[in-house]
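A short worksheet on the structure shown next.
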Amino acid sequence: MTTVDMGARAGRREWMALAVLCLPTLLTTVDISVLILALPRLATDLGASGTQQLWVTDIYGFMIAGFLVLMGTLGDRVGHRNVLLGGAVGFMVASLLAAYSTSIEMLLASRALLGISAATVMPCVLALIAQLFPNPAQMGAAMGVWGTAIMLGVILGPVVGGLLLGSFWWGSIFLMGVPVMALLLLVGPGLLPAARHPHPGRLDPLSALLTLAALLPVVYGLKEIARAGWAPTAIGAVVVGLAFGLMFVHRQRHLTHPMLDLALFRNPVVSTIVLLGLAFGFITAGAGLVSTLYMQLVEGLTPLKVALWMLIPAGAMIVGGNIGPALARTVRPAYVLAAGMVLAAVGALVITQVSVSGGLATLLVGLVIMYVGGSPSATLANAVLMSSTPPEKAGAAGSLSSTGGELGVALGVAVLGSVAGAVYGSAVEVPAAVPPEAAIPAGESIVGAAAVADTLPAPVAAELLDSAREAFTQALHGASLINLVLFLAVAVLLATRLKSVPPTGTGHPGMPPEAAPPAP
């Protein structure tokens, strides 16, 4: 393998390649949340229950989380560019299948295939950026651009969905993946390096299967506990998932070349940044779900208007994501990130004051504060992570960080969505005049209540919708209280575990002082 000059500066070609790599990054994160605004139409057209709606949203992120490290290892063996381009083909096919799904089962399968294909993006893009930008200063700038693409994808999912749903049918939200991946296939071979890792690890499909076997039963059990209480089936599912998780850990500890290097967790910077990504992905995805549903079904906004209003917190996220790294040049990253988490907690507190009528302005203020405070976790945290990890383990650390973030997003939708559903179900009062077969979906979710109301006489429909809106506003408050507690807990974690990391302006942003090389 050719020796890389660590001081070599990237030129126009490399920056063009970065722009190309940001497109699939943006797309795959958009696809996590793009489905949120389509849930009411989807539920009506495909007859999806409340639980099925959450699974359609969740399964994509869970498949990404389950296959990320496997795809990174595959990239080491056959080249990250080749794996990325292969994933682009799979993503295009799955996008078409999802767009034209004729049943909820077909849509679930398509979303799962989308997730497996999208799992090629994060580890391969990180590895390719490391190859394209060997100069440390340029690497930091490139990571900032890439982190901005991630933030935009998370927040713009509902925005893009709203714009498309304003003019087209719900399946149109999947078709945007086709031209983006087609562009990657067209220009990627000429712009992206084809180098492979000189000593790749073994492929380990069994470990990937154990990851999914641990993840899916736990999430299913949590959903059922939130929906129906502590039933034996739900508890059993959680126990089974945890057992598979222990098997996964045992296997990684005894493999010569594990799929997931658990030794990375002994590095306090790596473990803390992974936990930060997990927590912030959890919070933002869950908050995005309940907030956009509130705007659409409580405030009565069209998907297009929801999309336009969400541009405000989207802009706030970009601002915060750039302010954080700038402050960290002179202030320790631990304090910048921790202060941001406290500010984000204030935003969550503001959201608990949203009312049933006229609460849009309060919600937007809360989201803006939340995203300004939390957004440095995508740009600054990743820069700290990559600079604190030995070069030979940078790819593994990047895959681990991406896995944490993707898993957090998926869990946020699943858990906070389920919590919101549980609060809603306990608070809603379905009128006695609603037929028994319609009362069940109306009592499960506000989406179901809105669909049922269309079939009822006007007075009964109005009574049901009033109760559903009040109940869902309480659900929004409950989810926000959970977010507030998480933000404060993460702030304490960051302030204590990253305090040895010096300001990035020292030249060694992620390395504790004792680990930094001596000045020349």
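The values are calculated or read from the model by the stated rules, or taken from the named source; none is laboratory data. Since we're looking at a predicted model, the values are computed, not measured. Cβ placement follows ideal geometry from the backbone for every residue including glycine, while neighbour counts extend to all protein chains displayed.
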message: If I filter region 108-130 for residues that are in a helix (DSSP H, G or I), among the β-branched types (Val, Ile, Thr) and touching a Lys or Arg at 6+ places or on another chain (Cβ under 8 Å), do I get at least one hit?
response: no
task: Tell me, please, whether a residue that is farther than 30 Å from residue 345 by Cβ, in contact with a Pro (Cβ under 8 Å, 6 or more places away or on another chain), assigned to a helix (DSSP H, G or I) and among the basic types (Lys, Arg) can be found in region 253-271.
output: no
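Whether any residue in region 420-440 is part of a helix (DSSP H, G or I) and touching a His at 6+ places or on another chain (Cβ under 9 Å) is what I want to check. Step through it out loud before you land on a result.
Of the residues in region 420-440, the ones part of a helix (DSSP H, G or I) are 420-427, 436-440.
If we keep only those that are touching a His at 6+ places or on another chain (Cβ under 9 Å) as well, we get 423.
Yes: one or more hits.
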task: Please verify whether region 219-230 includes one or more residues that are modelled with pLDDT under 85 and within 24 Å of residue 265 (Cβ to Cβ).
output: yes
task: Considering every residue within region 307-326, establish whether at least one is among the aliphatic types (A, V, I, L, M), over 19 Å from residue 479 (Cβ atoms) and without any contact (Cβ under 8 Å) to a residue 24 or more places away in the chain.
output: yes
field: Where a residue in region 358-377 is in the same structural domain as residue 348 (by TED's automatic domain parsing) and more than 19 Å from residue 318 (Cα to Cα) and its partner, wherever it lies, is among the hydrophobic types (A, V, I, L, M, F, W, C) and outside any helix (DSSP H, G or I), with Cβ under 7 Å and at least six apart
entry: 362/354
- prompt: Is region 160-175 home to any residue that is in the same structural domain as residue 261 (by TED's automatic domain parsing), at pLDDT 70 or above, assigned to a helix (DSSP H, G or I) and within 26 Å of residue 73 (Cα to Cα)?
  reply: no
- prompt: Only one of 58, 45, 31 is under 30 Å from residue 138 (Cβ atoms) and of a type in the set (Asp, Glu); which?
  reply: 31
- prompt: If only one of 438, 422 is over 17 Å from residue 298 (Cα atoms), without any contact (Cβ under 8 Å) to a residue 40 or more places away in the chain, of a type in the set (A, V, I, L, M) and surrounded by 17 or more Cβ atoms within 10 Å (Cβ to Cβ), which one is it?
  reply: 438
message: Between a residue in region 445-469 that is touching a residue at least 12 places away in the same chain (Cβ under 8 Å) and assigned by TED's automatic domain parsing to the domain that holds residue 423 and any residue that is assigned to a loop (DSSP other than H, G, I, E, B) and surrounded by fewer than 18 Cβ atoms within 10 Å (Cβ to Cβ), which pairs come within a Cβ distance under 7 Å, given they are 6 or more apart or on different chains?
response: 460/431; 460/433; 463/431; 464/431; 467/429; 469/356
query: Identify, please: which residue in region 47-86 is more than 26 Å from residue 218 (Cβ to Cβ) and touching a Ser or Thr at 6+ places or on another chain (Cβ under 8 Å) and is, among those, modelled with the lowest pLDDT?
result: 75
- prompt: List pairs: first in region 108-136 and over 23 Å from residue 96 (Cβ atoms) and in the same structural domain as residue 92 (by TED's automatic domain parsing), second in a loop (DSSP other than H, G, I, E, B) and not small (Gly, Ala, Ser), Cβ under 7 Å, 6+ apart or cross-chain?
  reply: 128/192; 128/193; 131/193; 132/193; 134/4; 134/5; 134/6; 135/9
message: Looking for something assigned by TED's automatic domain parsing to the domain that holds residue 366, over 24 Å from residue 484 (Cβ atoms), modelled with pLDDT of 80 or more and within 21 Å of the chain's Cα centre (by Cα) - is there at least one such residue anywhere in region 296-303?
response: no
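Listed here are the residues, each with its yes/no results for (1) outside any helix (DSSP H, G or I); (2) farther than 24 Å from residue 468 by Cβ; (3) touching a strand residue (DSSP E or B) at 6+ places or on another chain (Cβ under 7 Å); (4) of a type outside the set (Gly, Ala, Ser).
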site: 276; (1), (2), (3), (4): no, yes, no, yes
site: 307; (1), (2), (3), (4): no, no, no, no
site: 334; (1), (2), (3), (4): no, yes, no, no
site: 340; (1), (2), (3), (4): no, yes, no, no
site: 349; (1), (2), (3), (4): no, yes, no, yes
query: Restricted to region 246-272, and to residues that are at pLDDT 85 or above and among the β-branched types (Val, Ile, Thr), which residue is farthest from residue 365 (Cα to Cα)?
result: 249
